[in-house]
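Presented below is the structure to which this report refers.
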Amino acid sequence: MSRIISKSVRLAAALMVLVLSLALFAGCKDDKGSASSDGAASKDTTSLENTEVVDQYKDKEHEFLPESLDLGGYEVVFATGSTEDIIPVEGESAEGDLRLEKLREIEGKYNCKVMVMEAPSKWDEAMTAIASGEEYANVIMPRIHQSGGFLQARLCSDFRSSEISQYVDQSQPWWNETMEYSSNILGKVYAGASAMQNPAGTTWIVYFNKRIAKDLGIGENELYNLWEKGEWNWDAFIKYAKMAVKDQDGSGKLDSEADRWGLVAAGYDCAQAFASSAKVASVNTEDGMNPTYTFNTPHAITTLTKLNALFTTDGIYCVSSWDNRSYGTMFCEGNSLFFAYTFQSMSADTMREMEDDWGILPMPKGPKDGGGWQDKYISRVDHNFRLCMIPATVEDKASTALVLEALTYKYFQIINDEIEIMANAYLRDDKSVEIANTIYNTSTYEISQFLYSINNGAWNKNVENHMRGVVRTSYYDISGNMNSVADLAQQMINDYFNGVT
């Protein structure tokens, strides 16, 4: 029992460290309360580990923000799912108190007041209010899958406008450049991924069961060494996953959750994460221009064909783990070598109570267009991540941008302090710490994530739904199916980019 409790404590804090100050989100729940494309994946947030980048800025004042400015008590209201996302409860945690200290510093420097309005269910109320001309809030923070309607209807401001860009530069490491790419519509950028809501927490990763690995003769650091050498790729993943499969229930074949599998995961989202690791996406642009449907390009078809084999004919994936939402439980009970999901999933009760030890890896490198493997690890950020958008109706966009940038920068600066408070006591192994510090740099967004919420889910039903076939159907006709929806997909893309609602 003491061993389980010890691991439980380590895991709970490991989540806090790895998330790096993220307010945790679970599933696709509605908000409640009232108080990849080549272009995207090619934009690296940095070539250094996150810890090194933060250290470069830790003791520096922001280069472009004024040291002080009297905003006359200006109230900057953030609309989000939870007050604690922005303003932690004092005394509840050491890392929360660090944030409060920085927040109060900003309020003092600029004579402003940061406030939080908890978001309404599904954000329809916010869209209606902004469409009718109300300011509503200075910054709205819906999840990505709730945001497409705001962009299509042009209800949010352009981050490249002079009022906002004088303070906010999304090429800086406290923002995520792939979001700047993904929310770019015809040269205007309508959303940001701020360090206030750290992307690492909802980035897809791979967990592996260390006991199973040892039983299979996989060396203690073998998988970590592959990662370190840049050789953790799809082929390596498949190789080890095939080693793990075993008929454990005596049926003579792999046919139940009692057997041992190579991979358990939420199939549809996991397949999307694998696609991103290969720079395969359903939509691509040239810095917001010339939006094009791209699931039917030669690279996409070749890569998705390989992905289809990974999920079906390679015999490593337990599809019922997706159907029954049992992937986490199966992994923790020792019935799979690999488990793909987000950082935050380690907070689940089953993970905290897990007897077997585990490690983490980024999503493996996917195939490169033209042969070989991608140059860097790329991991998709889940669609539940919260964005920062400034409604088009906000009168003082400059003051709003100033406070938003100041908060983003200050919260970014203290990431390493938060880690230092907890890391020594709670993380499972040193390599997990190393990898955690690099996942921040792999976090990638896709344009398609904005299309989820437009036209009553038509994009998912008609276009992205073919990814379910990739996961479920052996020898799925990738070329035929992806090309069959090309015209419809391009029309929906055009409507989104042209603002047709």
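The values are calculated or read from the model by the stated rules, or taken from the named source; none is laboratory data. Worth saying up front: this structure is predicted, and the values here are computed from it rather than measured. Virtual Cβ from ideal backbone geometry, glycine too; neighbours counted across all protein chains shown. Keep in mind that these areas ignore ligands, DNA and RNA; they rest on the heavy atoms of the full protein, side chains included. Shrake-Rupley method; radii C 1.70, N 1.55, O 1.52, S 1.80 Å.
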Seminar exercise, completed: Given Cβ charges of +1 for Lys and Arg and -1 for Asp and Glu, the option among T313, F237, L451 whose Cα lies farthest towards the positive end of the dipole of the chain is T313
Exercise. Over the range 117-199, what is the relative contact order in whole percent, taking alpha-carbon pairs under 8 Å and six or more residues apart?
Worked result: 22
Exercise. Taking the mean number of other Cβ atoms within 10 Å as a proxy for protection, how do you rank 76-82, 328-334, 89-95, 458-464 from highest to lowest?
Worked result: 76-82, 328-334, 458-464, 89-95
Exercise. Hey, what's the chain come to in accessible area per residue, 1.4 Å probe, Å²?
Worked result: 37
Problem set entry | Farthest toward positive dipole pole in the chain [+1 Lys/Arg, -1 Asp/Glu at C-beta], among H383, I185, T297 | T297
Exercise. Between K461 and F64, what length in nm is gained on full extension when 0.36 nm per residue of separation is reduced by their alpha carbon distance?
Worked result: 138.5 nm
Problem set entry | Cα shape, the range 210-274, gyration tensor, a/c 1.5 rule | oblate
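So between E355 and D477, what do we pick up on full extension, going 0.36 nm a residue minus the alpha carbon distance? Could you put the intermediate results ahead of the total?
Values: separation 122, 0.36 × 122 = 43.92 nm, distance 4.14 nm.
Stretched fully, the E355-D477 segment lengthens by 39.8 nm.
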Problem set entry | Distance between the range 212-232 and the range 129-160 - C-alpha centres, whole angstrom | 45
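Mean residue ellipticity at 222 nm from the helices of the chain, using -39,500 (n - 2.57) per DSSP H segment of n ≥ 4 over the full residue count, to the nearest 500 deg cm²/dmol? Let's see the in-between values first.
Details: 23 runs with 206 residues, N = 501.
Calculated from helices alone, the mean residue ellipticity at 222 nm is -11500 deg cm²/dmol.
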Problem set entry | For V189, distant residues with modelled amide H under 5 Å away | F159, R160
Exercise. For the chain, with only Lys/Arg (+1) and Asp/Glu (-1) charged at the beta-carbon, what is the dipole magnitude about the Cα centre, in debye rounded to 20?
Worked result: 1340
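Taking a ≥ b ≥ c as the square roots of the Cα gyration tensor eigenvalues, with a/c under 1.5 meaning rounded and otherwise prolate when a/b beats b/c, else oblate, which class fits the range 65-109?
Working: a/c = 2.86, a/b = 1.48, b/c = 1.93.
Judged from the Cα gyration tensor, the range 65-109 comes out oblate (a/c at least 1.5, b/c at or above a/b).
Could you sort the peptides 210-223, 361-374 by per-residue average Cβ neighbour count (10 Å cutoff), highest mean leading? Intermediate results must be reported in sequence, preceding the final value.
On the way: 210-223: 15.5, 361-374: 18.5.
With the highest mean Cβ count within 10 Å placed first, the list reads 361-374, 210-223.
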Exercise. Using modelled backbone amide H atoms (1.01 Å from N, in-plane), which distant-in-sequence or interchain residues come within less than 5 Å of S194's amide H?
Worked result: C388
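Mind ordering 124-132, 146-154 by average Cβ neighbours within 10 Å, highest first?
Result, highest mean Cβ count within 10 Å first: 146-154, 124-132.
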For this session: Using amide H atoms built 1.01 Å from N in the peptide plane, name the residues 5+ places from S82, or on other chains, whose amide H lies under 5 Å from its own.
Result: A119
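Compute the signed sum of charges (Lys and Arg +1, Asp and Glu -1) over the other residues within less than 15 Å, Cβ to Cβ, of G91. Before the final figure, lay out each step's value.
Numbers: positive: R99, R104; negative: E84, E90, E92, E95, D97, E101.
Taking every other residue near G91 into account, the sum is -4.
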Problem set entry | Share, in percent, of DSSP beta bridges within the chain that are antiparallel, nearest 5 | 60
Seminar exercise, completed: For the range 240-255, Karplus-derived ³J(HN,Hα) couplings (6.51, -1.76, 1.60; θ = phi - 60°; whole Hz; x for glycine and proline) come out as 6, 5, 5, 4, 7, 5, 7, 6, 9, 9, x, 7, x, 7, 7, 8
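Under 12 Å from the Cβ of F339, count the other residues' Cβ atoms, weight Lys and Arg +1, Asp and Glu -1, and hand me the total.
Details: positive: none; negative: E333, D356.
Here the charged neighbours net out to -2.
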For this session: Find out how many positive minus negative residues lie around P66, taking Lys and Arg as positive, Asp and Glu as negative, among other residues whose Cβ is under 13 Å from that of P66.
Result: -4
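How long are the three semi-axes of the equivalent ellipsoid of the range 433-501, in whole Å, if each is the root of 5 times an eigenvalue of the C-alpha gyration tensor, listed from largest down? Don't skip to the answer; put the middle values down first.
On the way: eigenvalues 145, 85, 19 Å².
Value: 27, 21, 10 Å, ordered largest first.
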For this session: Treating the Cα atoms of the range 266-354 as identical point scatterers in vacuum, please give the log10 of the normalised Debye intensity I(q)/I(0) at q = 0.17, 0.20, 0.24, 0.26 Å⁻¹, two decimals.
Result: -0.80, -0.97, -1.19, -1.31
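Which of rounded, prolate or oblate describes the chain when judged by the alpha-carbon gyration tensor and an a/c cut-off of 1.5? Could you put the intermediate results ahead of the total?
Working: a/c = 1.89, a/b = 1.29, b/c = 1.46.
Taking the square roots of the gyration eigenvalues as a ≥ b ≥ c, the chain is oblate.
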Exercise. Under unit Cβ charges (Lys, Arg +1; Asp, Glu -1), what dipole magnitude, rounded to 20 debye, does the range 113-211 have relative to its Cα centre?
Worked result: 520
Exercise. Which ³J(HN,Hα) values, rounded to whole Hz and listed in residue order, are derived for the range 99-105 from phi using the Karplus coefficients 6.51, -1.76 and 1.60 in 6.51 cos²θ - 1.76 cosθ + 1.60 with θ = phi - 60°, glycine and proline given as x?
Worked result: 5, 4, 4, 5, 4, 5, 4
Exercise. On the first, second and third principal axes, largest extent first, how far apart are the outermost C-alpha atoms of the range 170-255 in Å?
Worked result: 58, 30, 24
Problem set entry | For the range 475-481, Karplus couplings with θ = phi - 60° (6.51, -1.76, 1.60), whole Hz, Gly/Pro x | 6, 4, 6, 4, 4, x, 6
